[in-house]
Amino acid sequence: MTDQIKQKYVPDAYINGALYNMLTHTNIVFLEDENVLDGFLFANEGIGITQEGKIIWCSYEQAKANDDIKDYLSGAPVLVKNGEIGLTWGNKISSQIQGNHLRSAIGFNDDEVVLYCSDDKITLTTLAKRMLDYGCKYAINLDGGGSQYLYGENKIYKLSSRSNKSWIL
């Protein structure tokens, strides 16, 4: 799958996207109602990409209502907002995501996008602190554990041990 992504899109960098349900061994992107089935609910805020390619922070409702926003991505939970740590879950907290785990995240500031995978099992708060250390004004948690995959600079930094169904390029 990753070779197909490289050939089709020729991205500078990419990372695994969605969260993986350890109980059912499925990627929750494909579940009909993840909130009811597994307790997941992505935060109501995330990353919007405008038609011109500008990256902005917005709510799901703003992204849906604004024709200038062509893509929207959220995660669970939001880690950093306005340059401050603030774990925001939406209306449900997932016990599967709590604790110490290998983590992946995406964040951005005025100048760059940061894709991150941890080498150690850490908490969400530690992940949020690391994203702040990398200068992120906004950041969200992505899938971690065996789903971690990070490619950039013509190098694989993290190789996942399971199939990933969604990618952020």
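From the list 157, 149, exactly one residue is of a type in the set (Phe, Trp, Tyr) and open to solvent by less than 30 Å² (accessible area, probe 1.4 Å). Which is it? So the residue among 157, 149 that is of a type in the set (Phe, Trp, Tyr) and open to solvent by less than 30 Å² (accessible area, probe 1.4 Å) is 149.
On the given criteria, is residue 61 acidic (Asp, Glu), part of a loop (DSSP other than H, G, I, E, B) and farther than 19 Å from residue 17 by Cα?
Values: acidic (Asp, Glu): yes; part of a loop (DSSP other than H, G, I, E, B): no; farther than 19 Å from residue 17 by Cα: yes.
So residue 61 fails the test.
Residues in the range 125-142 that are open to solvent by 10 Å² or more (accessible area, probe 1.4 Å) and either closer than 16 Å to residue 167 by Cβ or over 12 Å from the mean Cα position of the chain (by Cα) (or both): 125, 126, 129, 130, 132, 133, 134, 135, 137.
Test residue 164 against the criterion of being surrounded by 16 or more Cβ atoms within 10 Å (Cβ to Cβ), modelled with pLDDT under 95 and touching a Ser or Thr at 6+ places or on another chain (Cβ under 6 Å), and give yes or no. It is true that residue 164 is surrounded by 16 or more Cβ atoms within 10 Å (Cβ to Cβ), modelled with pLDDT under 95 and touching a Ser or Thr at 6+ places or on another chain (Cβ under 6 Å). Collect the residues in the range 64-78 that are surrounded by 21 or more Cβ atoms within 10 Å (Cβ to Cβ) and outside any loop (DSSP other than H, G, I, E, B), keeping them in residue-number order. Across the range 64-78, the qualifying residue is only 78. Scanning the range 29-58 for residues that are open to solvent by 40 Å² or more (accessible area, probe 1.4 Å), in a loop (DSSP other than H, G, I, E, B), out of contact with any helix residue (DSSP H, G or I) (no Cβ under 6 Å at 6 or more places or on another chain) and modelled with pLDDT of 50 or more turns up 42, 51, 52, 53, 54. I'm trying to understand the selection: among the residues of the range 79-90, which are open to solvent by 20 Å² or more (accessible area, probe 1.4 Å) and assigned to a strand (DSSP E or B)? Within the range 79-90, 81, 84, 85, 86, 87, 88 meet the criteria.
The values are calculated or read from the model by the stated rules, or taken from the named source; none is laboratory data. None of these values were measured; they are calculated from a predicted model. Every residue, glycine as well, gets a Cβ built from its backbone with ideal geometry; the counts of neighbours run over all protein chains shown. The accessibility values were calculated without ligands, DNA or RNA, using every heavy atom of the protein model including side chains. Shrake-Rupley method; radii C 1.70, N 1.55, O 1.52, S 1.80 Å.
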